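The structure under discussion appears below in the form of structure tokens.
The values are calculated or read from the model by the stated rules, or taken from the named source; none is laboratory data. Please read these numbers as outputs of a predicted model, since none were measured by experiment. Quick reminder, even Gly has a Cβ in these numbers, built from the backbone with ideal geometry, and neighbours come from all protein chains shown.
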Number of protein chains: 2
Amino acid sequence: MTSSLETKRFDYLRLKKFCVEIIEKVGVSKEGAEIVGSSLVRANLRGVDSHGIQRLPIYTQRVKEGLINSRAEIRLLRDNYASVLIDGGNGFGQIVAHKAMQECVNRALKYGVGVAGVANSHNFGAGALVAMEALKYDMIGVVVSNAAPTLPPWGGTSLTLGTNPLAVAIPTKMEFPIVLDMATSVVARDKITLYKKMGKKIPLGWALTKDGRPTEDPQEALEGILLSIGGPKGYGLALVIDILAGVMTGAAFGKDVGMLYDMSRPSAVGNFMMAINISSFMEVDVFKERLERLCAQIKASELLPGVNEVFLPGEIEYREEQDRMKNGIPIGGDVLKDLEKLSSEYHVSL
Amino acid sequence: MTSSLETKRFDYLRLKKFCVEIIEKVGVSKEGAEIVGSSLVRANLRGVDSHGIQRLPIYTQRVKEGLINSRAEIRLLRDNYASVLIDGGNGFGQIVAHKAMQECVNRALKYGVGVAGVANSHNFGAGALVAMEALKYDMIGVVVSNAAPTLPPWGGTSLTLGTNPLAVAIPTKMEFPIVLDMATSVVARDKITLYKKMGKKIPLGWALTKDGRPTEDPQEALEGILLSIGGPKGYGLALVIDILAGVMTGAAFGKDVGMLYDMSRPSAVGNFMMAINISSFMEVDVFKERLERLCAQIKASELLPGVNEVFLPGEIEYREEQDRMKNGIPIGGDVLKDLEKLSSEYHVSL
């Protein structure tokens, strides 16, 4: 049977329905399942397949093992005007983060800015989609999360910090928002997982083996050391993010954050997020006009030889989304095989 | 006369007195001059010579040319509970930033977090020293600033964005705080300026020439393109920082931010900063104990071959500060020559 390895294109609404139904079957409310399903499929739409539906199998497995609580109660532990501390009850990260960003927005409506610390959560998928919640209110969303240790401190080899992503979403009057979503490693760990599933080599410069050799083998990389951006700078950023998201919130931090694929313990991930109410600083229309002028300067840049266009953060993802909404989301290889297994296990048609 | 090129060690208190007196002579209040002088000399103490006393000559020159207003009135333009917007009146960046971080702290005392946008300011020296103001209140300080365009967008060659630094200071119960202070370029522009003044080559990988060739010549680099960390990631960070610090505050942004060494116009730099009240999230002592555990994990890392120790962000600067407080700050070359010129111009002994 190699047929399931061929890449097929799936309509995103069909994929989303599939996700939502399966997540409901593992015990999540209709509303919660909508949030998780939308997050996964929208990551695929935006071309970020590493953070998309390929995660559905591990999520359901973690629910079965009791490592995600599908009926978690999300509690406000501390509430201090513009700042809140939230306990995610070990629930789906997307649902917890959605609630936390809503709290940030509510605080920012009143106080100009709102921040939330989040403890005892789980992987929330693409951080961009959490930050983008703030866009509905013409606010700027900022999200950081810690993650299981895959980065050593600069100069070391012991995996101590996560790739600890940072996402920022900024409303514009263009057809797409500015969305930066970056790991503090050269690439996100799950991008390497995806290369492995696709049977592809990774480029040199993404990772080292356990003993510090450069490698193109995704398996060696997953067992080894991810490289941080800008050397000590990426390490410093990852540390600061772990302090905000992990140390300060009561979540796990450093080596104690559980790996998504480690079935021996919950992740206990922490987040820190913020909504900035632009209208506290200037009229939103004026902000967007000024931002359009800055974006125009960028798009008008002279180009390096061989480059056809410069992109704004989030622009490539927006174009991909337009394309994939029309032409479907390509899925194949082990990812497709895993989804077919889920389909028969949960009696939900793919 | 080559004697002034020899490197001598100066007592930091003597250097600070020199700075403060000269800054007072160009019209700044005693209190303001203390802030600027402390910032410059403390940068030197911490080993960040690029952001230290070497900037005194350009600052005084800019005051003389009317490009820094030595008696600027700092005004609160908007005041919305946890968020404020400040107009720096084109004053010394250190003084404006000091006031803005104080506002952040005051808001964070009440609301859990405080943010400030700053328009019409000037280069504030080392961002670390602004962020570190929050440490006095056991808060976390976060500071970003835009800067004159020296980075092209990723794939382009037109200088559109600044190196736009990010600084974060976090209180600890160790003998030094965690302090991350990084440009979004591989190195800060003034580090290249300093290499030029010292007559040294720069390493490959720091910058390209105007037409995109790698270079070791600091002059070619200063006329060329600084490289951003993590390629598109550093560019994305620089853009987001310019949007927060420049677009949203009413400051100049993108190509319109004035270069420190361009005497034809004011800089009109913008900042965005934040103080996070740790006690809104957990007891500060508990936070510091948890942070100490994370730091212990990092310091215990196995090491790459040839590495003797891993450092926490701010640790090297702390050690340097201990050493230079005792043994003096080394100053030589053109930097010393420039200070000697200032000394005779303003009749202040060095």
Residues of the range A:145-186 being among the small types (Gly, Ala, Ser) and under 28 Å from residue B:310 (Cβ atoms), which ones? A:145, A:147, A:148, A:155, A:156, A:158, A:162, A:167, A:183, A:185
Got at least one residue in the range A:315-327 being within 14 Å of chain B (Cβ to nearest Cβ), of a type in the set (A, V, I, L, M, F, W, C) and closer than 21 Å to residue A:128 by Cβ? yes
Restricting attention to the range B:286-301, which residues are within 7 Å of chain A (Cβ to nearest Cβ) and either exposed (fewer than 13 other Cβ atoms within 10 Å of the Cβ) or over 16 Å from residue A:152 (Cα atoms) (or both)? B:287, B:290, B:291
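Residue A:136 - would you say it is more than 30 Å from residue A:288 (Cα to Cα), surrounded by fewer than 22 Cβ atoms within 10 Å (Cβ to Cβ) and without any contact (Cβ under 8 Å) to a residue 60 or more places away in the chain?
Spelling it out, it is not the case that residue A:136 is more than 30 Å from residue A:288 (Cα to Cα), surrounded by fewer than 22 Cβ atoms within 10 Å (Cβ to Cβ) and without any contact (Cβ under 8 Å) to a residue 60 or more places away in the chain.
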Within the range A:279-293, can one find any residue that is of a type in the set (Lys, Arg) and within 27 Å of residue B:285 (Cβ to Cβ)? no
Could you tell me which numbered condition residue B:335 fails, if it satisfies all but one of (1) modelled with pLDDT under 95; (2) more than 15 Å from residue B:47 (Cβ to Cβ); (3) crowded, with 19+ Cβ neighbours inside 10 Å? (2)
The range A:186-215 residues that are in contact (Cβ under 8 Å) with a residue 40 or more places away in the chain, paired with ones that are of a type in the set (Phe, Trp, Tyr) and surrounded by 15 or more Cβ atoms within 10 Å (Cβ to Cβ) (beta carbon under 9 Å, 6 or more apart): A:186/A:206; A:191/A:206
Condition test on residue B:307, is it within 14 Å of chain A (Cβ to nearest Cβ), over 30 Å from residue A:213 (Cβ atoms) and either of a type in the set (Lys, Arg) or surrounded by fewer than 22 Cβ atoms within 10 Å (Cβ to Cβ) (or both)? no
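Is there a residue being assigned to a helix (DSSP H, G or I), more than 30 Å from residue B:114 (Cβ to Cβ) and in contact with a helix residue (DSSP H, G or I) (Cβ under 7 Å, 6 or more places away or on another chain) anywhere in the range A:258-280? Even if it seems obvious, please write down each step before you answer.
So the first thing to find is which residues in the range A:258-280 are assigned to a helix (DSSP H, G or I), and the list is A:278-280.
Next, only the ones that are more than 30 Å from residue B:114 (Cβ to Cβ) stay: none.
Scanning the range A:258-280, I find no residue that is assigned to a helix (DSSP H, G or I), more than 30 Å from residue B:114 (Cβ to Cβ) and in contact with a helix residue (DSSP H, G or I) (Cβ under 7 Å, 6 or more places away or on another chain), so the answer is no.
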On the given criteria, is residue B:259 more than 9 Å from every other protein chain (Cβ to nearest Cβ) and at pLDDT below 95? yes
Right, residue A:54: more than 30 Å from residue B:280 (Cβ to Cβ), in a helix (DSSP H, G or I) and within 18 Å of the chain's Cα centre (by Cα) or not? yes
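Regarding residue B:230, is this residue closer than 30 Å to residue A:118 by Cβ, buried (at least 24 other Cβ atoms within 10 Å of the Cβ) and free of Cβ contacts under 8 Å to residues at least 60 places away in the same chain? Don't jump to the end; show me each part of the working.
On the way: closer than 30 Å to residue A:118 by Cβ: yes; buried (at least 24 other Cβ atoms within 10 Å of the Cβ): yes; free of Cβ contacts under 8 Å to residues at least 60 places away in the same chain: yes.
In short, yes.
For every residue, the table says whether it meets (1) in contact with a Gly (Cβ under 9 Å, 6 or more places away or on another chain); (2) of a type outside the set (Ser, Thr, Tyr); (3) modelled with pLDDT of 95 or more; (4) within 24 Å of residue B:108 (Cα to Cα).
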site	(1), (2), (3), (4)
B:275	yes, yes, yes, yes
B:280	yes, no, yes, yes
B:283	no, yes, yes, yes
B:286	yes, yes, yes, yes
B:298	yes, yes, yes, no
B:303	yes, yes, no, no
B:311	yes, yes, yes, no
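Select, from A:343, A:264, the only residue that is surrounded by 13 or more Cβ atoms within 10 Å (Cβ to Cβ) and farther than 23 Å from residue A:46 by Cβ.
Working: A:264 fails: surrounded by 13 or more Cβ atoms within 10 Å (Cβ to Cβ).
Testing whether each residue is surrounded by 13 or more Cβ atoms within 10 Å (Cβ to Cβ) and farther than 23 Å from residue A:46 by Cβ leaves just A:343.
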Would you be able to tell me the number of residues in the range A:133-178 that are within 11 Å of chain B (Cβ to nearest Cβ), among the small types (Gly, Ala, Ser) and more than 24 Å from residue A:318 (Cβ to Cβ)? 3
